[in-house]
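K.L.:
Just passing along the structure, written as structure tokens.
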Amino acid sequence: MNPLPQLLLAPMQDVSVLPLWRCLERRGAPDVYVTEYFRVHRDSHPEKYILRSITELKTDKPVMAQMIGNDPAHIVRTAKLLESRTPCAGIDINLGCPAPTVCGKQAGGALLRNHELIRRIAEELRPVVRGRLTFKTRIGFESPAEFEALLDLFASLPLDGLVVHGRTVRERYQSDVHTEDIARAVERLPFPVVANGSIVSVSSAIAMRQKTGAAGLMIGRGAIRNPWLFGQIRDDFSGREIARPLLRDLHEYVLELTEEISREGDFEKESQVVNRMKKFTNYIASGIHEGILTNELRRATTLNGFRDSCREHLDNDEIFADEPKEDGTIFCGLVDLKSATL
Ligand SMILES: Cc1cc2nc3c(=O)[nH]c(=O)nc-3n(C[C@H](O)[C@H](O)[C@H](O)COP(=O)(O)O)c2cc1C
């Protein structure tokens with residue numbers, strides 16, 4: 001096993017976007033970026049704002065383009081388009097989204113109940129995709145007991161890798177992660193497996209690696225909260241001392257992200273920028289000063305109010321805690337399943 005796992009930034013609709021990616025590039029970037037999903041159906045065109053994250057990020061790191069859909073012909077059409085129009089490193093297919101509107105259309109997590117369709121998507125994509133072809137799955141729809149049959153299926157597919165979010169679709173985002181199932185995938189599959197789910201700190205990254213032996217670790221919410229996390233994990237696995245950021249460094253990051261967001265979006269009102277920032281600060285402020293900052297930021301309506309609260313709580317030399325909360329959990333309430341569409 002390579003001593004250093006590959007570190008991937010998880011796809012996250014509306015938050016894992018160009019402004020965040022630019023902030024991460026300046027603080028110890030992931031080894032691989034994955035876009036939020038492009039919606040694929042009969043009339044779909046790749047969303048321009050997601051395309052821009054692939055074409056405009058200044059990085060030497062690969063960017064994978066993720067798609068969600070259930071029609072192999074249109075998934076193939078979109079894959080060709082993405083590979084011809086962008087420098088993406090390959091295609092990833094979403095088999096995990098739990099949003100009712102997506103699952104209701106038999107896409108995302110609902111595909112886990114249709115093995116034949118998963119096979120068709122993989123087999124029709126393989127001859128077309130020039131870069132890497134990967135899937136991102138959960139361990140079942142209703143129950144982890146479904147994973148055994150899914151592993152038989154995945155083992156027979158022409159994939160270059162699989163990301164396993166160690167929860168079922170029903171378990172959504174907060175339950176304990178079934179690391180033993182990720183470990184089974186690592187043992188059984190002939191291609192590299194990436195472990196995903198609630199890695200929020202160096203110690204949870206070490207634990208995930210030890211329990212699963214996965215070739216890679218994918219981090220989502222924990223990297224929004226702590227943009228230094230990829231660098232810290234890299235340093236720890238390489239035997240180097242870990243940098244310990246202060247709240248002052250976090251303050252600088254929040255201000256920089258606010259600037260990047262304001263510049264990127266087509267905002268008519270300042271309150272729209274503030275609302276956009278709340279999607280990030282719910283993760284970033286998690287656990288700081290017993291939740292007082294989170295509450296203040298949720299109530300903010302102006303950029304001045306938002307910045308004043310950040311200054312009051314973050315402009316100091318306190319050490320930024322390793323874990324979001326004492327029990328290691330991370331905020332999940334903002335995973336807006338109603339806004340996810342296909
Ligand atoms: C706000 C939000 C949006 C997400 N959007 C996507 C998405 O577009 N595609 C996808 O495969 N997973 C998506 N996910 C799931 C994450 O990629 C990841 O699997 C999940 O958050 C668990 O990892 P974490 O605990 O490190 O955050 C999303 C998660 C969150 C929190």
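Here, each number is a calculation from the coordinates, and none is a lab measurement. Source: prediction; values computed, not measured. Note: ideal-geometry Cβ built from the backbone for every residue, glycine included; neighbour counts use all protein chains shown.
K.L.:
Filter the GluC sites (Glu not before Pro) in the range 122-206 down to the DSSP loop ones having no more than 13 other Cβ atoms within 10 Å, then list what survives.
P.N.:
The qualifying sites are 142.
K.L.:
I need the fraction of alpha carbon pairs in the chain separated by more than 25 Å, rounded to a whole percent.
P.N.:
Distances greater than 25 Å cover 51 percent of the Cα pairs.
K.L.:
Compute the Rg to Rh ratio over the range 179-336 from the alpha carbon atoms, using the Kirkwood formula for Rh, and round to two decimal places.
P.N.:
1.03
K.L.:
For a footprinting-style exposure proxy, rank 302, 101, 35, 294 by other Cβ within 10 Å, fewest first.
P.N.:
Ranking 302, 101, 35, 294 by Cβ neighbours within 10 Å, fewest first, gives 302, 101, 294, 35.
K.L.:
May I ask which residue of 178, 15, 100 lies farthest towards the positive end of the charge dipole of the chain, with charges of +1 (Lys, Arg) and -1 (Asp, Glu) on Cβ and the Cα centre as origin?
P.N.:
Result: 100.
K.L.:
Two decimals is fine: what's Rg over Rh for the range 247-314, C-alpha atoms, Kirkwood radius as Rh?
P.N.:
That ratio is 0.94, to two decimals.
K.L.:
In whole angstrom, how far apart do the alpha carbon centroids of the range 259-274 and the range 4-34 sit?
P.N.:
21
K.L.:
Then there's this: Share of antiparallel DSSP beta bridges in the chain, in percent to the nearest 5?
P.N.:
Within the chain, antiparallel bridges account for around 5 percent of the total.
K.L.:
At 0.692 mPa s and 37 °C, plugging the Kirkwood radius over alpha-carbon pairs of the range 127-201 into Stokes-Einstein gives what diffusion coefficient in µm²/s?
P.N.:
For these conditions, the coefficient is 258 µm²/s.
K.L.:
Counting only helical runs of four or more DSSP H residues, what would the 222 nm mean residue ellipticity of the chain come to if each run contributes -39,500 (n - 2.57) and the total is spread over all its residues?
P.N.:
Mean residue ellipticity, 222 nm, calculated: -12500 deg cm²/dmol.
K.L.:
May I have the extent of the alpha carbons of the range 1-156 along their three principal axes, as whole Å values ordered from largest to smallest?
P.N.:
42, 41, 31
K.L.:
Considering the options 314, 292, 122, tell which one lies farthest towards the positive end of the dipole of the chain, charges being +1 on Lys and Arg and -1 on Asp and Glu at the Cβ, about the Cα centre.
P.N.:
After comparing all options, I get 122.
K.L.:
Further question: Given +1 on the Cβ of Lys and Arg, -1 on the Cβ of Asp and Glu, and no further charges, what dipole in debye does the range 6-237 carry about its Cα centre, rounded to the nearest 20?
P.N.:
580
K.L.:
Could you calculate, for the range 55-134, the ratio of the Cα radius of gyration to the Kirkwood radius, expressed as Rg to Rh?
P.N.:
A ratio of 1.00.
K.L.:
Which one, 32, 5, 64, is farthest towards the positive end of the dipole of the chain when Lys and Arg carry +1 and Asp and Glu -1 on their Cβ?
P.N.:
64
K.L.:
Here's something else I'd like to know. What's the magnitude of the charge dipole for the range 247-314 around its Cα centre, counting Lys and Arg as +1 and Asp and Glu as -1 at the beta-carbon? Answer in Debye, nearest 20.
P.N.:
240
K.L.:
Modelling each spin label as a point 7 Å along the Cα-to-Cβ direction, I'd like the residue 74/residue 292 distance in nm, to one decimal.
P.N.:
Label-label distance for residue 74 and residue 292, simple model: 5.1 nm.
K.L.:
To continue, here is another question. Can you give me the Cα centroid spacing of the range 280-308 and the range 64-101 in angstrom?
P.N.:
35
K.L.:
Helix 115-125 against the longest principal axis of the chain: what's the angle in degrees, Cα atoms only, rounded to the nearest 10?
P.N.:
90
K.L.:
Still on this model: Take the Cβ-Cβ distance between residue 120 and residue 316 as r, set R0 to 45 Å, and report the resulting FRET efficiency rounded to the nearest 0.05.
P.N.:
0.20
K.L.:
Right, something else. Tell me, what is the FRET efficiency for residue 256 and residue 43 to the nearest 0.05, using R0 = 35 angstrom and their Cβ-Cβ distance as r?
P.N.:
FRET efficiency, residue 256 to residue 43: 0.40.
K.L.:
Nearest 20 debye, what's the magnitude of the dipole of the range 181-236 about its Cα centre given +1 on Lys and Arg Cβ and -1 on Asp and Glu Cβ?
P.N.:
Computed about the Cα centre, the dipole is about 100 debye.
K.L.:
Calculate the spin-label point distance for residue 188 paired with residue 269, positioning each point 7 Å from the Cα along the beta-carbon direction, and give it in nanometres.
P.N.:
Placing both labels 7 Å beyond Cα along the Cβ direction yields 5.2 nm.
K.L.:
Right, next: When the expected Rg is taken as 2.2 N^0.38 Å, what fraction or multiple of it is the alpha-carbon Rg of the range 9-67?
P.N.:
1.10
K.L.:
Give the lysines whose C-alpha is closer than 16 Å to that of residue 105, dropping any in the same chain fewer than 8 places away, or say none.
P.N.:
338
K.L.:
Turning to a different aspect of this structure: Measure nothing fancy, just the Cα-based angle from helix 270-284's long axis to the longest principal axis of the chain, in degrees from 0 to 90, nearest 10.
P.N.:
80
K.L.:
So for the range 53-95, considering every pair of alpha-carbon atoms, how many percent are separated by more than 13 Å?
P.N.:
So the portion of pairs separated by more than 13 Å is 52 percent.
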